[in-house]
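Asks: Quick one: structure below, then a few questions.
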Amino acid sequence: MTETIVITDPDTDRYHTFGYISWWQQETVKDAVVLVVGAGALGNEVLKNLALMGIGNILIADFDTIEDSNLSRSVLFRESDRGKAKAEVAAAAVKELNPDVNVKAWNGDINFEMGLGVFRHVDVVIGCLDNREARLSLNRFSWAINKPWVDGAIQELMGIVRVFWPGRGACYECTLTDEDYQIIGLRYSCPLLARENILQGKVPTTPTSASIVAAFQTQEALKIIHGMEVQPGKALMINGLTNDIYTTKYPVKDACMSHATLEPIVELTDRSSVDTTLGELLAISRERLGPETVLEFDGELVVSMRCPDCGLESQVLRKMARLSESAFTCPNCGGRREMLLTHRIDGSEEFLSCMLAEVDIPALGIVRARNGSESIYYELTGDVNKALGFE
Ligand SMILES: [Zn+2]
Ligand SMILES: [Zn+2]
């Protein structure tokens with residue numbers, strides 16, 4: 001394939017020098033949609049690079065706020081940003097670095113709060129994470145909707161960069177050892193405390209290792225966007241103490257739990273999480289799969305909570321994973337409340353008239369409809385502008 005080299009005016013075109021790179025396609029870069037998960041040390045450096053290159057559409061996801069200790073490794077943050085949402089401050093800084101770039105901030109926990117369809121509608125995901133749990137979630141999402149992701153990890157002067165691509169080589173979960181599972185398992189021994197614990201796992205990092213690893217991550221994403229060759233399932237290991245850089249290939253685990261792709265995914269282009277009720281989605285599913293069809297959620301939905309001491313019962317309709325420990329305290333008498341859980345909707349529920357958003361299904365969510373062994377995954381594609389409408 002011959003690619004056209006376009007040489008522009010250096011006075012008026014900020015991308016002028018890229019025009020000399022034989023394979024660089026500024027239009028392709030401009031049209032790209034990239035999701036950056038995590039706006040910490042790695043995320044800052046990745047975002048800076050994406051902005052400089054003119055990556056056209058960037059979605060930044062993070063749940064955290066800025067504290068002063070972030071300032072030593074975060075080029076996009078200032079002292080005056082203390083207490084502000086990382087995703088929002090990073091988005092504003094990216095826009096300032098390069099006004100050509102469309103950027104959107106998303107505040108929340110990707111483990112439970114981001115619609116799976118969001119991952120489906122981007123070209124590549126860059127994981128700038130600091131814990132195994134979020135990497136495992138991202139990896140499973142990546143497999144579910146068949147999208148490559150670029151992982152970066154840093155600790156002191158060490159770094160690892162890995163491209164994971166469903167069906168092409170080992171995935172992140174294939175690389176996990178028994179010890180990794182044990183660490184994740186320990187944190188999940190009390191699932192309700194897991195989230196709080198994850199937030200505490202701080203790894204010592206430097207701005208130099210963040211720059212190095214983030215630079216490689218951005219380059220791999222750039223190659224994926226251009227359709228160039230990458231090496232999924234291989235790790236680029238960077239030892240900043242000895243200056244050794246080498247690659248190593250992981251074996252694929254046959255019994256890996258992550259290797260599951262949702263099929264078929266049906267786009268409901270005029271349906272969104274805020275204007276479709278649970279009952280309506282069930283009806284749509286039954287039209288296609290038959291009257292016995294049920295809707296199934298990945299995790300448990302807390303329908304209601306009841307206090308055995310004073311008898312107070314209240315509707316909840318939230319994913320169990322999103323509840324904090326304090327939600328179990330009865331607001332009336334301080335007793336410990338019990339949960340009524342479900343993960344299956346069969347049409348007998350009292351809350352069928354609730355909008356999907358009201359039963360904790362996020363924008364661009366994907367919901368499984370099942371009749372016996374036959375399944376369809378419905379995507380709330382009507383949310384695409386809300387979830388990915390770039391400014
Ligand atoms: Zn795997
Ligand atoms: Zn009570």
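The values are calculated or read from the model by the stated rules, or taken from the named source; none is laboratory data. As the structure is a prediction and not an experimental result, all values here were calculated from the model. Cβ placement follows ideal geometry from the backbone for every residue including glycine, while neighbour counts extend to all protein chains displayed. Keep in mind that these areas ignore ligands, DNA and RNA; they rest on the heavy atoms of the full protein, side chains included. Shrake-Rupley method; radii C 1.70, N 1.55, O 1.52, S 1.80 Å.
Asks: With springs connecting C-alpha atoms under 10 Å apart, model the chain as a Gaussian network and identify which of Asn57, Asn243, Asn49 has the largest mean-square fluctuation.
Replies: Among Asn57, Asn243, Asn49, the largest GNM mean-square fluctuation belongs to Asn243.
Asks: With a 1.4 Å probe and every protein chain left in place, work out the accessible area per residue of the chain in Å², rounded to a whole number.
Replies: Accessible surface, normalised per residue, equals 48 Å².
Asks: Oh, and also: What share of the DSSP beta bridges in the chain is antiparallel, in percent to the nearest 5?
Replies: 65
Asks: Something else: Can you give the % of DSSP beta bridges in the stretch 32-249 that are antiparallel, to the nearest 5?
Replies: Bridges in the stretch 32-249 are about 50 percent antiparallel.
Asks: Summing +1 for each Lys or Arg and -1 for each Asp or Glu, what net charge is found among the other residues whose Cβ lies under 14 Å from the Cβ of Gly159?
Replies: Taking every other residue near Gly159 into account, the sum is -4.
Asks: Would you kindly find the accessible area of Cys128, with a 1.4 Å probe and non-protein molecules such as ligands, DNA and RNA excluded, rounding to the nearest 10 Å²?
Replies: Approximately 10 Å² for this residue.
Asks: Mind checking the angle between helix 278-289 and the chain's longest principal axis? C-alpha axes, 0 to 90 degrees, to the nearest 10.
Replies: Once rounded, one gets 80 degrees.
Asks: I've got another one for you. So, with a 1.4 angstrom probe, what is the percent of accessible area on the stretch 265-384 that is carbon and sulfur?
Replies: Here it works out to 44 percent.
Asks: Name the residue from Leu295, Val124, Gly389 whose Cα lies farthest towards the positive end of the charge dipole of the chain, charges +1 on Cβ of Lys and Arg and -1 on Cβ of Asp and Glu.
Replies: Val124
Asks: If amide hydrogens are placed 1.01 Å from N in the peptide plane, which non-local residues have theirs closer than 5 Å to the one on Val316?
Replies: Ser304, Met305
Asks: Quote the charge dipole size of the stretch 32-249 about the Cα centre in Debye, to the nearest 20; the model charges only the Cβ of Lys and Arg (+1) and of Asp and Glu (-1).
Replies: 420
Asks: Another question, if that's okay. Just need the relative contact order of the stretch 277-391 here, percent rounded to a whole number, with Cα pairs under 8 Å and 6+ apart.
Replies: 31
Asks: Could you compute the net charge surrounding Ala235? Neighbours are other residues with a C-beta less than 10 Å from the C-beta of Ala235; K and R count +1, D and E count -1.
Replies: Charge balance near Ala235 sits at +2.
Asks: Next up: Given the peptides 32-40, 86-94, arrange them by the average over their residues of other C-beta atoms within 10 Å, most packed first.
Replies: Highest-to-lowest ranking by the protection proxy: 32-40, 86-94.
Asks: Here's something else I'd like to know. Calculate how many DSSP beta bridges within the stretch 265-384 are antiparallel, expressed in % of all such bridges and rounded to the nearest 5.
Replies: 90
Asks: Sort largest first and round to whole Å: the equivalent ellipsoid semi-axes of the chain, each the square root of five times a Cα gyration tensor eigenvalue.
Replies: Semi-axes (√(5λ), whole Å): 37, 25, 22.
Asks: With everything on Cα atoms, drop me the angle between helix 86-97 and the longest principal axis of the chain, reported from 0 to 90° to the nearest 10.
Replies: 30
Asks: Moving to a separate point now. When only C-alpha pairs under 8 Å and at least 6 residues apart count, what is the relative contact order of the chain, in percent?
Replies: 16
Asks: When the helix-only estimate is applied to the chain (DSSP H runs of n ≥ 4, each -39,500 (n - 2.57), divided by the residue count), what is the mean residue ellipticity at 222 nm, nearest 500 deg cm²/dmol?
Replies: About -8000 deg cm²/dmol.
Asks: I would also like to ask the following. What residue among Ala105, Ile66, Cys330 has its Cα farthest toward the positive end of the dipole of the chain, where the charges are +1 on Lys, Arg and -1 on Asp, Glu, each on the Cβ?
Replies: Checked the options; the winner is Ile66.
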